[in-house]
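Asks: Here it is: the structure, laid out below.
Rule-based calculations on the coordinates, nothing more; no lab input. These numbers come from a predicted model, not from an experiment. Reconstructed Cβ throughout: ideal geometry from the backbone, glycine too, with neighbour counts over all protein chains shown.
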């Protein structure tokens, strides 16, 4: 077990397959402005959703080891629903810092919002196929009737910056049809990329359906964890934000700045020996 000396000053680390986790990063920066943050976007290997679970698991462990070795964080956020669905418990058992995922905070929030008990979840093929939400709802919200739908293609539109095109609207109409038919009143965006498509998704689902993003709830869970461990940094400190990509740094900086805001400035690059 590593020493906790200086743990308050150590950064928060988080990773995603690409840009989606920037929704979580934005929420953390807004809620905890004093915290230093290291964000890793694995854009050289995105998307994770269609990949075999063993491959996603290998990527998640590789990135986690690298973040811990390079930055010695005090807490890790798995800001990718697919990675959290298949590796969260393993990571929690194998590293000596708190590890937070995005599934449970989002599901708990959505379960509190629904008034009819008919809740929908959309995610990548990998997340939905993992059964993680189906398993979690039985313990977190047994009163909820859950309808799940995979949305292949959504991540790719976000990663290309095409978040309001006619093509993504047509795709959304087709993929969300089962949820419309199920007459849900609340829809959990079970992928951190999907809030960038919230306007399109909302148009298809209709104004009576509440969209819930896991980003804010994950930030609240992170803050609670830091406070319970007395590791939260004073907000008077100006947090530093570091961004790393396994893909093209220039492309990550250009699109990432549009999605996150001015905090995303320089981007470091790391190339994995094995893809």
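Asks: Percent relative contact order of region 1-150, based on C-alpha pairs within less than 8 angstrom and at least six residues apart?
Replies: Value for region 1-150: 23 percent.
Asks: Please list 67-77, 231-241 highest first by mean number of surrounding beta-carbon atoms within 10 Å per residue.
Replies: Highest-to-lowest ranking by the protection proxy: 67-77, 231-241.
Asks: Using Stokes-Einstein with the Kirkwood hydrodynamic radius over Cα pairs, what translational diffusion coefficient do you get for region 200-270 at 25 °C and a viscosity of 0.890 mPa s, in µm²/s rounded to a whole number?
Replies: Stokes-Einstein gives a translational diffusion coefficient of 159 µm²/s.
Asks: Quick one: helix 81-94 against the long Cα principal axis of the chain, what's the angle to the nearest 10°, folded into 0 to 90?
Replies: It is inclined by approximately 40 degrees.
Asks: Right, next: To the nearest 10 degrees, how steep is helix 22-31 against the longest Cα principal axis of the chain, on a 0 to 90 scale?
Replies: 60 degrees
Asks: Sticking with this structure for a sec: Give, in nm to one decimal, the length gained when the segment between residue 240 and residue 268 is fully stretched (0.36 nm per residue of separation minus the Cα-Cα distance).
Replies: 8.7 nm
Asks: Right, here's the next one. Whole angstrom only: what separates the Cα centroid of region 19-88 from the Cα centroid of region 129-176?
Replies: The two parts, judged by their Cα centres, are 19 Å apart.
Asks: Taking 25 °C and 0.890 mPa s as the conditions, I'd like the Stokes-Einstein D for region 103-214 in µm²/s, using the Kirkwood hydrodynamic radius from alpha carbon pairs.
Replies: For the chosen part, D equals 178 µm²/s.
Asks: Give the peptides 181-187, 133-139, 78-84 in descending order of average Cβ contacts within 10 Å, highest first.
Replies: Listed from highest to lowest mean packing, they are 78-84, 181-187, 133-139.
Asks: What FRET efficiency comes out for the pair residue 134/residue 227, r = Cβ-Cβ distance, R0 = 25 Å, nearest 0.05?
Replies: 0.20
Asks: Go ahead and estimate [θ] at 222 nm for the chain from helices alone: -39,500 (n - 2.57) per DSSP H run with n ≥ 4, summed, over the residue count, rounded to 500.
Replies: Roughly -13500 deg cm²/dmol at 222 nm, from the helical runs in the chain.
Asks: Here is a follow-up. Distance from the Cα centre of region 94-113 to that of region 181-197, in angstrom?
Replies: 17 Å
Asks: Same structure, new question: Just to check, using Stokes-Einstein with a Kirkwood Rh over alpha carbon pairs, what's the diffusion coefficient of region 1-82 at 37 °C and 0.692 mPa s in µm²/s?
Replies: It comes out at roughly 246 µm²/s.
Asks: Next up: Place the peptides 216-225, 254-263 in order of packing, highest mean first, counting for every residue the other Cβ atoms within 10 Å and averaging per peptide.
Replies: The densest-packed peptide leads the list: 216-225, 254-263.
Asks: Kindly express, to the nearest 10 degrees and within the range 0 to 90, the angle between helix 249-260's C-alpha long axis and the longest C-alpha principal axis of the chain.
Replies: Approximately 60 degrees, to the nearest 10.
Asks: Suppose each label sits 7 Å from its Cα in the direction of the beta carbon; what would the residue 257-residue 145 distance come out to in nanometres?
Replies: Going from the residue 257 label point to the residue 145 one covers 4.9 nm.
Asks: Can you sort 227, 90, 35 so the residue with the fewest Cβ neighbours within 10 Å comes first?
Replies: Lowest count first: 227, 90, 35.
Asks: Shifting gears a bit: Which length gain, in nm to one decimal place, applies between residue 55 and residue 162 when the Cα-Cα distance is subtracted from 0.36 nm times their residue separation?
Replies: 35.8 nm
Asks: For the chain, what are the per-bin percents of Cα-Cα distances with bins 10 Å wide, up to the bin holding the maximum?
Replies: 7, 31, 37, 20, 4, 0
Asks: Restricting to the chain, compute how many DSSP beta bridges are antiparallel as a %, nearest 5.
Replies: 0 percent
Asks: Given 0.36 nm per residue, what is the gain on full extension from residue 70 to residue 198 after removing their alpha carbon distance, in nm?
Replies: 42.6 nm
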